[in-house]
Amino acid sequence: MSLGNKKFIIIDSGLSDAEKQFVCGHELGHFYCTLRQISYLFCRKHIFYSKQEYQANRFSCELLLGEQVE
């Protein structure tokens, strides 16, 4: 969410601490990766993810685990 030139991440207080951390990392991943176009989808266990969502999920995992995720 943006307000003027400031950006905010709003996280549902009903989530567990682990979920809050993941969501925060995911949203930071969107900001950090700055992917501008979606050119294809990833399919994992019958759920389709855009490249942008995949990158944000991966960023969050790497941030939380502290090392490269394979």
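I10 sits among other residues whose Cβ lies under 13 Å from its own Cβ, and their net charge, with Lys and Arg +1 and Asp and Glu -1, is +1. Peptide packing for 59-66, 16-23 was compared via the average number of neighbouring C-beta atoms within 10 Å per residue; ordered from the highest value, the list is 59-66, 16-23.
Every read-out reported here was derived from the displayed coordinates using simple, explicitly stated rules and does not represent laboratory data. The shown structure was predicted, so the numbers you read here are calculated from the model rather than taken from an experiment. A quick note on method: Cβ atoms are made from the backbone with ideal geometry, for glycine too, and the neighbour counts reach across all protein chains shown.
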